[in-house]
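Okay, structure first, notes after.
Each reported figure results from applying straightforward, stated rules to the coordinates on display, with no laboratory input. These numbers come from a predicted model, not from an experiment. Because the Cβ atoms are built from the backbone with ideal geometry, glycine has one as well, and the counts that use them run over all protein chains shown.
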Amino acid sequence: MIYFSQLDLIHILERALRRTDLPIYFTQGYNPHVKISFRSGLKLGVTGKIEVVLYFSEKVDRERAIQKLKEHLPMGLNILKGSQMSLKEINKLRRQAK
Amino acid sequence: MDFAQFRRPQRYIGNEWNVIKKSHKGRIPVCIGYPDLYELGMSNLGLRIIYSILNEESDIVCERVFMPFDDLSQYLKENDQRLFSLESKTPLNQFQVLGFNFNAELNYTNFLHILELGGIPRYSHQRKDVIVLGGGVVNPEPIADFIDIFVLGEFEAISNDLIKILRSTSSRQARIEAFSQTPGFYIPQLYSNNLENNSYLFKPLNEKAPKSIKRVFVKDLDNSYYPTNWLTPHTAIIQDRVPVEIARGCPNLCTFCQARKQYYPYRQRKPQKVKEIIKKIYKSSGYENFSLLSLSASDYSYMQELLDGVLDYFREQRIGLSLPSLRIDDLLGPLQERLQRLKSSSLTVAVEAAQDKLRKDIQKNIDIKQLFEAAKVLHSFNFKQIKLYFMYGFPNETNEDIIAIADMLKELLGKSNLKISASVNVFMPKPISIWESQSLEDEKILEEKRALLLNSLPRSKRLDVSLPSTKSTILETLLARGDRTVGKVIENAYRKGALFCGDNERFKWAPWKNAIEEEGSAYQKILKTQTSNFAWSFIDK
Ligand code: SF4
C-alpha cells in the first residue's frame, strides 16, 4: 500500500533519479526539471501498477538503470518490469494513444 | 491503522528517504516533537539537527512526532488510542524522554494537545517516569509548569552532556538532578519566580539549585554537527528545499529583533565547509532545491567565494538555489553577475519602516533608494516576485509612517512588473531584543493604524498583502513575555479548545479572552511592561 498522490510520486521519482548517477534528461529553460511522464494514473492508498516513462540524455544499460533505481526507491515502490525505447518509439506510441 | 482514511497520510507514515529505524531493545528511547503539522515541523532545521545527533549514538533511538491534524486527533480520542511516534508507531507514553522544539509561542496549546493524546501527564509534578524537555524558547516561564527541563541555547552545545546524563542512570529523579548541575539546562521546578513589589523574584527552592542560569552556544560553527543524511519527505513540505546554514547570529542591531540575541554571537561557516555539506546532502537526498540560510546573508564575509565555488555545481546538477536574506545592495553590487546565474527565486527585502527617520530609529540599515533602482533591473535576475516585510506599531510612529508603506508599494508596482507580496506585522517588544522594555501599542491605536493601512493600500492584482489580526499579536506578545501565571491561561484556553493558534485562519480570540478573565491574569501589566524587571531576567545575558 502506498499513500502518496501522483504529484508526490513525481518528486519521489525525480529525487530517486537524482540520487543515482544515471544520465538524467532535464527539460530546458529557466526552471529545468527531470522529465517524467505517466501512462496511467494512480489512486491514493491503493495497491497497483503504474506505467512511467523516464528520460535519459544518453543510452543507458537497461539492467544497470533498473538496478540503480531500485536501490533508490522508497519502500513500497518497486520496479516490476522495464523496457527501453528510443524517443522515436515513444512518440509513435503517443500518437497511437491519441 | 489504515492511514488512507486521513488527510495527507504521508504526515504519519514515517517512511521518508533516510529515515532511521532502530529496535528499542537495549536502547534509550527518545521522541522529539514539534507542536505543529508535519509540513511545518519537517521544515525546521533545529529538529533535524537534534534527530541526527541523537541517532548517531548506537544506544539511543530517536523518533519523531508532530501535531496531528484534526482527523487523526479525533480518531485517537474516539478509539481511545495514544498518539505515536512516526518511526515505530510507539505510543508517546512508552518513551523515556520527550523533547519539544518550540519556535512559535502561538503553538503552546498544540504542545499540550500532543501530551494529552500521547498519554503524558500535563504537569511536570504529575510525571513519574518520562522526562519532557523543551528547547528553542527565549522566555521559558509561560510553559514552565509543563516542562521538566529546558535547554537554553543551542542544542549542539549541550548534546554531549545530555547523552552522558541519559546514559548514567535511568531514574527520572537522578537524571533531573544531574541536569540541574549542568550549564545550559534549566529546571523550573527548582525555582520560584513570582512578581513581588512589581519585580520578579527568582528564588532557588533548595540549596543545590544553581543560582545563575546560562544560555549556551556553539563556539566553532565549522566543526559543529550538520545533518547530511538528509531526511527527504515523500510529500511537499512548507519550505521544500534544503537549508544549508552559512552563518548563525547577526551582526546588525535592529532594535525590535529577538533573533540576533537568541543566536548571539555572530558566527560564520567557511565556504569550503558549506560546499562539502551541500554536496553530501545532494548525494544523500536528490533534493532539487537548496537555500543558503542565515539571518542576514549580505553580512556573510565569504559570499563571493562561496558562490564562485558552488554555482557551477548547482547549474550542472540543475539544482535551484535561493538566498532568502540578501540585501538590495548585493543585487546592484559585485554579486550581481553571479546572482543572475541563479535559477529563478524571489527577492526578499525586510524594509520594516517605510520612512527614513523611523527606519533610523529602529536601526534598520537599508537604503530604500536602491530598492527602486533594483526594481528596474529585477527582471534580469529571473525573480518571480518581490517579498517585502514591514512593521507598524513602533514607539513614536506617526500616521505618515503608515501611509508611507502604502505609497512605497504603489511606487514599486509602478517601477517593476513583478508580483509583490508584502507581509506587515505589528511591532512586539520581544524578550532580549534591544527594545524589550518598550510596550505593545494600545489595541485601539493598533486597530486604527491597521484600518488606515488597509484603506491606503493600492489595489492591484500583482499585490498581495498579509496582515495578522491585532488580537493574535496581543496573544503572541503575552505568550512571549508572560510569566508563570500565563501558564494557567494557556492551560485554560487549551481546555476551551484553542488549537492551531498560529494559523491565521484558525485563530480564535474567544477561548483566550475567557481564559484570561477566568484566571484573573494581569495581562495588561505584561503587555505594557509595567514591571521593573521581566519574567526572563534571571537568565544570564
Ligand atoms: S532584523 Fe535581521 S538584520 Fe536586523 S538584527 Fe535581526 S536578524 Fe539582523
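Scan the stretch A:25-95 for chymotrypsin sites (Phe, Trp or Tyr not before Pro) in coil per DSSP, keeping those whose Cβ has at most 10 other Cβ atoms within 10 Å, and list them by number.
A:30
Determine the relative contact order of the stretch B:242-467: mean sequence separation of Cα pairs under 8 Å and six or more apart, normalised by residue count, in whole percent.
With pairs under 8 Å counted, the relative contact order is 20 percent.
Would you tell me the mean number of C-beta atoms belonging to other protein chains that fall within 10 Å of each C-beta in A:20-27, as a whole number?
1
Work the Kirkwood hydrodynamic radius out for the stretch B:244-376: mean of 1/r over every pair of different alpha-carbon atoms, inverted, in Å.
For the stretch B:244-376, the Kirkwood estimate is 15.9 Å.
Could you list the trypsin sites (Lys or Arg not before Pro) in the stretch B:249-348 that lie in coil according to DSSP, counting only those with at most 15 other Cβ atoms within 10 Å of their Cβ?
Within the stretch B:249-348, the qualifying trypsin sites (Lys or Arg not before Pro) (loop, at most 15 other Cβ atoms within 10 Å) are B:341.
Pop out the Kirkwood hydrodynamic radius of the stretch A:6-97 from its pairwise C-alpha distances, inverse of mean 1/r, in Å to one decimal.
Computed over the stretch A:6-97, the radius equals 14.2 Å.
Which whole-percent values make up P(r) of the protein assembly as shown when all C-alpha to C-alpha distances are grouped in 10 Å steps starting at zero?
3, 14, 23, 26, 21, 10, 3, 0, 0
Can you tell me, using C-alpha contacts under 8 Å and at least 6 residues apart, the relative contact order of chain B as a whole percent?
Here the relative contact order equals 14 percent.
Using the structure shown, select from B:89/B:128; B:261/B:471; B:471/B:508; A:68/B:283; B:449/B:513; B:21/B:89 the pairs with a Cα to Cα distance greater than 18 angstrom.
Result: B:89/B:128; B:261/B:471; B:449/B:513 exceed 18 Å.
Mind checking the stretch B:131-228 for GluC sites (Glu not before Pro) that DSSP puts in a loop (not H, G, I, E or B) and that have at most 10 other Cβ atoms within 10 Å?
Loop-located and lightly packed - B:207.
Can you pull out the cysteines in the protein assembly as shown that have no other Cys Cβ under 4.7 Å?
B:31, B:62, B:250, B:501 - these cysteines have no disulfide-compatible partner (Cβ-Cβ under 4.7 Å) in the protein assembly as shown.
Using just the C-alpha positions of the stretch B:242-467 as equal point scatterers, what log10 of I(q)/I(0) does the Debye formula give at each q in 0.17 1/Å?
Taking Cα atoms of the stretch B:242-467 as identical point scatterers yields -1.26.
Ranked highest first by average number of other Cβ atoms within 10 Å, how do B:115-123, B:131-139, B:1-9 line up?
Ranked from most to least packed, the peptides come out as B:131-139, B:115-123, B:1-9.
Using only the Cα atoms of chain B, build the gyration tensor, take square roots of its eigenvalues as a ≥ b ≥ c, and label the shape rounded, prolate or oblate: rounded if a/c is under 1.5, else prolate if a/b is larger than b/c, else oblate.
oblate
Which residue, B:362, B:92, B:470, has the largest displacement toward the positive end of the dipole of chain B when charges sit on each Cβ (Lys, Arg +1; Asp, Glu -1)?
The one lying farthest along the dipole's positive direction is B:92.
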